[in-house]
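Structure record follows, encoded as structure tokens.
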Amino acid sequence: MLLITCPVTRTDELVADRRIRSVANHPTHLALSVECPACGSVHVYRTGRRWESRPAAAPARPAAELARA
Ligand SMILES: [Zn+2]
């Protein structure tokens, strides 16, 4: 599972792994193309090493909750 914030509806959505369309490996991060359950379009999210240092755009959630997902 993956927690995303939809840029269209600005809601936090919990997304099943099967909705991940593709994963692209970059030197500094992974780029996930995710089919959004909120608006139906595909958004690209960065994850991986830089995830922890993302700007405040990331939803405020306890770290333990993210690790469980
Ligand atoms: Zn969306």
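The numbers here are math on the coordinates, done by the rules we state, and not lab data. As the structure is a prediction and not an experimental result, all values here were calculated from the model. Positions of Cβ are backbone-derived with ideal geometry, glycine not excepted, and every protein chain shown enters the neighbour counts.
Overview of results
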quantity	calculated
Hz values of 3J(HN,Hα) by residue in the stretch 29-35 - Karplus curve (6.51, -1.76, 1.60), Gly and Pro given as x	6, 9, 10, 9, 9, 10, 7
Label-to-label distance, nm, for residues given as VAL44 and THR11 (7 Å Cα→Cβ offset)	2.6
Cut-off under 5 Å, modelled amide H: who pairs with GLY48 long-range	LEU30
